[in-house]
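A quick write-up on the structure given underneath.
The values are calculated or read from the model by the stated rules, or taken from the named source; none is laboratory data. Quantities reported herein were computed from a predicted structural model and do not represent experimental measurements. Here the Cβ is made from the backbone with ideal geometry for all residues, glycine too, and neighbour counts use every protein chain on show.
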Amino acid sequence: MLHAATLHKPHVATHSRQDFVDVNITGTLNLLEEAAAAKVAGFVYTSTTSVFGDALVPPRGAPAAWVTEEVTPVPKNIYGVTKAAAEDLCQLFARNHGLAAIVLRTSRFFPEEDDNAAVRAAFDGDNVNIEDVVQAHLAAAAQARVAGFAKYIISATTPFSRDDVTELRDRAPQVVRRCVPEYEAEYKRRGWTMIGGIDRVYVNDKARAELGWQPRHDFGTLIGRLKAG
């Protein structure tokens, strides 16, 4: 069973906190109860990297956050709180009812404004391609029975290593130039500007290793397609 229904982050401005509880928590509970009663083979829950919340923003002067599944979420709005609570419900049903459940913490894969006003004004774009998100869900569905309960970050494969996090915070263009050298000429040709600093790096290693997920789209492949027209 795939559960992707939700009130999403943009709905914070249009819906009440109770609406978020009703849809994202109670709605997920209803589906988990039905799935457990029907003894479905696996339950795949579409969560979000928004559950990490304020854990994604290091203090001034600190390196960029290296975001793996081990980072403790610090939700910063009702959306993040209810998605995190729904993840806990999945774990509860896996533990107490034997329901194989996988949580996919997806990055943004559709047009949506950034939380940071300065970034929102200057840039836009997604963190992962929808084709790769679909393939992650299919891989999770195939592996759910084996995995039992697990959480995975679903984001484009980063070109960066953990050694880059200090430099990324304030000197992102030179790090990107080192990791994806083709980007500079393509950005210049199009009149684009690389963001000056990056405060977080999502790491999808666990999903690729345990689910056999093979994302096809990342920053390097994007630059290659731009060069090819």
Problem set entry | Within segment 102-154, considering residues that are in contact with a helix residue (DSSP H, G or I) (Cβ under 6 Å, 6 or more places away or on another chain) and acidic (D, E), the one modelled with the highest pLDDT | E113
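Residues checked against (1) crowded, with 18+ Cβ neighbours inside 10 Å; (2) over 16 Å from V203 (Cα atoms); (3) of a type in the set (V, I, T):
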position: S50; (1), (2), (3): yes, no, no
position: A55; (1), (2), (3): no, no, no
position: R60; (1), (2), (3): no, yes, no
position: E70; (1), (2), (3): no, no, no
position: V74; (1), (2), (3): no, yes, yes
position: C90; (1), (2), (3): yes, yes, no
For this session: Give segment 94-109 a look and list any residue that's surrounded by fewer than 22 Cβ atoms within 10 Å (Cβ to Cβ) and part of a helix (DSSP H, G or I), or say none.
Result: R95, N96, H97
Exercise. For segment 1-45, how many residues meet the condition of being among the acidic types (D, E) and either under 18 Å from Q143 (Cα atoms) or crowded, with 16+ Cβ neighbours inside 10 Å (or both)?
Worked result: 0
For this session: Starting from segment 142-159, keep only residues that are at positive phi, then list their pairs with residues that are surrounded by 20 or more Cβ atoms within 10 Å (Cβ to Cβ) and part of a strand (DSSP E or B) whose Cβ atoms are within a distance under 9 Å, requiring at least 6 positions of separation or different chains.
Result: G148/A101; G148/I102
Seminar exercise, completed: Per the filter on segment 140-152, residues under 18 Å from T48 (Cβ atoms) and either part of a helix (DSSP H, G or I) or among the acidic types (D, E) (or both) are A140
For this session: Determine if segment 153-160 includes at least one residue that is touching a Lys or Arg at 6+ places or on another chain (Cβ under 7 Å) and not in a helix (DSSP H, G or I).
Result: yes
